[in-house]
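What follows is a short report on a single structure.
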Amino acid sequence: MLIEKIRDIKPGYSEFEVVHEDWVFRLLHYKSKPKLKTPLLISYAFINRPYILDLHKDVSVVRHLIRAGLDVWMVDWGYPSLADRHLKISDYIDYLDFCVNFIREKRSVENITLHGYCLGTTLSVIYASLYPEKIRNLVIQTPPINFDTKNTLALWAKNTDPVKVSRATFNATGDFLNLAFLLVDPIRLAVGKYQSLLDNLDNEKFIRDFFYMDYWIFDSPAIPGKVYEEYITRWYQRNELIKGKYDVNGRKVNLNNIKMPVLVLAAEKDHITPPDAVMPFFEAIPSKDKKLLMSEKGHIGLTVSRSSHKKIWIEAVKWIVERSK
């Protein structure tokens, strides 16, 4: 049976090496022969695994970047345990700063391209505003920056008591977070996807894609309790970032510092971070070189759909390459 043949597949296509580890965090470097001087560092969301950008050969964003001659690095936020429950968002920013400095020194460059994805975007925007001199280009994908949206996930987060969650579980577990995402669209995500599987049992490409995605969806790390408290309270409930009230260890995050070239990749059907999660930011930042690419797909479809790789990613990679020479 076809399912028996491919049930053990694991995602991840491009070769990489772990060049640094700091407790639960890691810095990865993808093996290649880059032709462009400006390195690119990917900061993925800390609530999922970053290999969604390198899921398999046909839909690997990392492969696109490498083939374009870019020197690609990635932050892996790891699998926090109970021992990590006191980590803070400032610790994530500190490690991001370490990685940027590590790459700058290794490659003898003054600045790099920083590519944030989902909540990795939020970290990247915070970092770029604090250290603008280190960021040559800022690429932000499905970006949550304005959290005052009307989608189901935002409404759920605004009515959640994150302190009670962290006190009860210490960390916000992967299972807890997956349940929250399923509740955004339960019929489609919990019923429709498996009906589609049954309808396509003779379609090898469909089943392979299904298993790659399902593996990724349920490979969910926990969020350290203090990080969960802060990002729900200060980002979702208070919307401090877009209001100019957010700080890292007392240092105010000023979005007016975002003057470097900015590429925004958003998705029309995004039920996690809809376009209005980024438009106020895009319109307000003083960058004179900013571009918005809008996909007709959803939050994950922007990355893993074959149509996105034939359209959006060709244009996105071209934009990055032109500013990396």
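The values are calculated or read from the model by the stated rules, or taken from the named source; none is laboratory data. Owing to the predicted nature of the structure, the values given are computational and were not obtained by experimental measurement. Glycine gets a Cβ as well: all are built from the backbone with ideal geometry, and neighbour counts include every protein chain shown. These accessible areas exclude ligands, DNA and RNA; they are computed on the full protein's heavy atoms, side chains included. Shrake-Rupley method; radii C 1.70, N 1.55, O 1.52, S 1.80 Å.
For this structure, a couple of remarks:
- The H on the amide N of ARG136, modeled in the peptide plane, is under 5 Å from the matching H of ILE112, THR113, LEU114, each at least 5 residues off or on a different chain.
- Segment 289-306 versus segment 81-153: alpha-carbon centroid distance in Å: 19 Å
- Residue-span extension gain [GLU133 to TRP23] - 0.36 nm each, minus C-alpha spacing: 36.8 nm
- Extreme residue, positive dipole direction of the chain, given options GLN195, ASN239, LEU40 (C-beta unit charges): LEU40
- Alpha-carbon radius of gyration plus Dmax, which is the widest Cα pair, for the chain in Å: 19.0, 59
- Full-extension gain in nm, ALA83 to GLU283, via 0.36 nm per residue minus C-alpha separation: 67.9 nm
- Multiplying each eigenvalue of the alpha-carbon gyration tensor of segment 50-209 by 5 and taking the square root yields semi-axes of 31, 25, 15 Å, largest first, rounded to whole angstroms.
- In summary, segment 137-265 shows an alpha-carbon radius of gyration equal to 1.31 times the 2.2 N^0.38 Å reference for compact globular proteins.
- If you take all other residues with their beta carbon under 14 Å from the beta carbon of ILE135, and give Lys and Arg +1 and Asp and Glu -1, the sum is +2.
- Per residue value of the accessible surface for the chain (all protein chains in place, 1.4 Å probe), Å²: 45 Å²
- Of the solvent-accessible surface of the chain, computed with a 1.4 Å probe over protein heavy atoms with every protein chain present, carbon and sulfur atoms account for 51 percent.
- Our helix-only sum for the chain, with -39,500 (n - 2.57) per DSSP H run of n ≥ 4 divided by its residues, gives a mean residue ellipticity at 222 nm of -10500 deg cm²/dmol.
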